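Derivation of every value follows stated rules applied to the coordinates shown; laboratory data play no part. This is a predicted model, so every value here is computed, not measured. Here Cβ is always computed from backbone atoms with ideal geometry, including for glycine, and neighbour counts include all displayed protein chains.
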Amino acid sequence: MSSEPSNWPPKEGLLTPTVSRRDGILTLSASTQIAAPAALVFAILRDTSRYGEWNTWVPRVTVHAQPADSQAAEADASELRLGTSFTFHVVMDAAKPDRATDTQLRVSDVSTPGAPSSYVRDAGLADDPAFHGDAAGVFRIAWKTDGGFVSMGLRSERFHDVVVQGEERCEVRTWEVMGGFIAHTVSWMFKSTLNKWFGVWCEDLKKEAEKQWAEKKAEENKAAAK
């Protein structure tokens, strides 16, 4: 698989199963190349207990409920899984990290090469250029707004495609599309700020994943040298 940057986002624009291109009012996106395995990057994204160690924008997450059929151990209660209900405590102003904006969300899709989901395919979007089409080469997670007054006037869904580009390299593509009448206000008030934070999210994720991967390789080399 190529490690060269892709031609993403597509010229057609972005969409999600929840908000079509036609209905999208605000679209946000960012991407980055990461010198670490896609599986590791995906694990970092799902482990909300450690967001405070790397995520400047969302340093704290509250998980409200896991899916009823979940058999995960208590230690994994903070992991984002299909159906997880959670709140992002979002820092919109880096100068005021103690002032958070709460956003209630629910995981709408989890897909891995070993256990691909049908969520995107069932929406008729498997061949859409917004998504990485090879299910065997992508780790994917998505979440959308869930509950609260805002959700009645805002439809929003965010995706992460972690595209495998080799054993120790991947590309992260993240995007969110908002629709509904409140999306007009969000776009007018916060578009530039949100675009900035999407970029920061990717930069923070890249730094954390490459740090963890370097530490893991150093440990393996040390063990092999004994």
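Rounded to the nearest whole Hz, the Karplus-based 3J(HN,Hα) values (6.51 cos²θ - 1.76 cosθ + 1.60, θ = phi - 60°) of the stretch 32-43 follow the sequence 7, 8, 10, 8, 7, x, 4, 4, 5, 4, 4, 5, with x at glycine and proline.
Taking Cα atoms only, the orientation of helix 181-225 departs from the longest principal axis of the chain by about 10 degrees. Proximity of backbone amide H atoms, modeled 1.01 Å from N, is registered between Ser117 and Thr112 at under 5 Å, excluding neighbours fewer than 5 places apart on the same chain. Only lysine pairs 8 or more places apart or on separate chains count here, and in the chain those with Cα atoms under 21 Å apart total 15. Between His184 and Glu215, the contour length at 0.36 nm per residue exceeds the Cα-Cα span by 6.7 nm. With contributions of -39500 (n - 2.57) from each DSSP H run of at least four residues, the per-residue ellipticity at 222 nm computed over the chain stands at -9000 deg cm²/dmol.
Summing Cβ point charges (Lys, Arg +1; Asp, Glu -1) relative to the Cα centre of the chain gives a dipole of roughly 440 debye.
A simple rule links phi to the HN-Hα coupling: the Karplus curve 6.51 cos²θ - 1.76 cosθ + 1.60 with θ = phi - 60°, which for the stretch 110-121 gives 9, 9, 10, x, x, 9, x, 8, 10, 4, 5, 4 Hz, with x for Gly and Pro.
Put simply, the amide H of His64, placed in the peptide plane, has neighbours under 5 Å in Ser85, Phe86, Thr87, leaving out anything fewer than 5 places away on its chain.
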